[in-house]
Number of protein chains: 2
Amino acid sequence: MINYPNGKKQKLNESKISSANRGMNLENDLNKTNQYYLDFNIANIHKKPTPIQIVHVDYPKRSAAKITEAYFKLQSTTDYNGVYKSCAIDFEAKECRGKSFPLNSIHKHQIEHLKNVLQHGAITFVIIRFINYDKTFFVLAKDIIKFYENKENTRKSIPFSWFDEKCRVIPYNLINPVNYLKIVDELYF
Amino acid sequence: MINYPNGKKQKLNESKISSANRGMNLENDLNKTNQYYLDFNIANIHKKPTPIQIVHVDYPKRSAAKITEAYFKLQSTTDYNGVYKSCAIDFEAKECRGKSFPLNSIHKHQIEHLKNVLQHGAITFVIIRFINYDKTFFVLAKDIIKFYENKENTRKSIPFSWFDEKCRVIPYNLINPVNYLKIVDELYF
């Protein structure tokens, strides 16, 4: 083993960048990852724009139309979709603090959408990041749908341990921070 | 032949609904079609929300966040995508008046997007409706990309005759007004 000049080994966790230090959230990490996939000709996957209900627009002369009253709407589908190796890709991404994932983080109509695209043959999943555990999971749509549809279930959240046992962890690296297609490759190709 | 009580035949073009009388534009027709595909479990294809650059949001107490300054942005991708028979579907839709389709109706980065998703194996096309001719064409992405990339070409528009010779017409009916998956089936499945 080669030691550092001062004779001390660098501790492993010193080189590890904690999620707090990354200064980026899951959405930014996914944008970076999708841009990486695009730049390296791996896949074409995009975040959909946030849906807005426009109420009033001004059209000032000689300048761009200005929206002066609008409201956020709920996304009726998932946030991300695209194409990878001819297959349709469709997923939702959620960050959570704490020790469990609140079920109400994903709306009922989004669960319906996941079921529907899964049935039409899209590669469908949910990416869930536990900020405090510094872990990002690849969750198969069928597994999370089962949890939501289990009528005997009285829980309002899914504990971290469920993800830790059942789901794969998406590896982190700086240039491609949420390399979820690595897991897609392992599972589907 | 059975005649009407007054002894006169109804003229064929009287029963035909002209595009003007339909009172609907291509976007509405496509929304209706995509809803039909969803309801009858044929495919899951959606229009992406219009991208908006949000500048200012008010958060009044006890009511929804109100966007008070925002601007329209250009869509960096196409407007429509989804999944059909496990395949990724990606397309743009444009209406045009007049006798030719202006090339600047589709932005350069949208042509780049069409090329890119085509290369990744998505079923990729453009739907172009000529309002005055009452015809809606299914245009293969490769054909329209070729037109845009032909450097010897000095035209600023594609004449109706090009579409009429080269492209399939998408049939119209009231409940499923732009049944483009019929053409997809003929060409791909």
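General remarks:
- Some residue of the stretch B:167-175 being at pLDDT below 95, at positive phi and not in a helix (DSSP H, G or I): no
- Residues of the stretch A:95-133 that turn out to be among the aliphatic types (A, V, I, L, M), assigned to a helix (DSSP H, G or I) and at the interface with chain B (Cβ under 10 Å from one of its Cβ atoms), as a count: 2
- Every test in (1) free of Cβ contacts under 8 Å to residues at least 40 places away in the same chain; (2) in contact with a Cys (Cβ under 8 Å, 6 or more places away or on another chain) is passed by A:Ile144 save one, and that test is (2).
- Residue, surrounded by the fewest Cβ atoms within 10 Å (Cβ to Cβ), within the stretch A:91-137, restricted to residues that are among the polar types (S, T, N, Q) and in contact (Cβ under 8 Å) with a residue 60 or more places away in the chain: A:Ser100
- Any hit, the stretch A:152-165, residues being surrounded by 22 or more Cβ atoms within 10 Å (Cβ to Cβ), out of contact with any helix residue (DSSP H, G or I) (no Cβ under 9 Å at 6 or more places or on another chain) and more than 14 Å from chain B (Cβ to nearest Cβ): yes
- So A:Ile67, is it at the interface with chain B (Cβ under 10 Å from one of its Cβ atoms), buried (at least 19 other Cβ atoms within 10 Å of the Cβ), part of a strand (DSSP E or B) and in contact with a Gly (Cβ under 6 Å, 6 or more places away or on another chain): no
- Residue check, B:Lys73 within 13 Å of chain A (Cβ to nearest Cβ), in contact (Cβ under 8 Å) with a residue 12 or more places away in the chain and surrounded by 15 or more Cβ atoms within 10 Å (Cβ to Cβ): no
- Residue in the stretch A:52-60 that is facing chain B (nearest Cβ under 8 Å), touching a Pro at 6+ places or on another chain (Cβ under 8 Å) and either among the β-branched types (Val, Ile, Thr) or touching a residue at least 60 places away in the same chain (Cβ under 8 Å) (or both) present: yes
- Hey, B:Ala43 under 27 Å from A:Ile111 (Cβ atoms) and within 11 Å of chain A (Cβ to nearest Cβ) or not: yes
- Residues of the stretch B:134-161 that are in a strand (DSSP E or B) and β-branched (Val, Ile, Thr): B:Thr136, B:Val139, B:Ile158.
- Criterion violated by B:Thr78 - all others in (1) surrounded by fewer than 17 Cβ atoms within 10 Å (Cβ to Cβ); (2) more than 9 Å from chain A (Cβ to nearest Cβ); (3) under 25 Å from B:Val178 (Cα atoms) satisfied: (1)
- Odd one out for A:Ile175, checked against (1) more than 14 Å from chain B (Cβ to nearest Cβ); (2) over 26 Å from A:Tyr37 (Cβ atoms): (2)
The values are calculated or read from the model by the stated rules, or taken from the named source; none is laboratory data. Please read all numbers here as calculations on a predicted model, not as lab measurements. Heads up, the Cβs are rebuilt from the backbone with ideal geometry, glycines too, and the neighbour counts pull from every protein chain shown.
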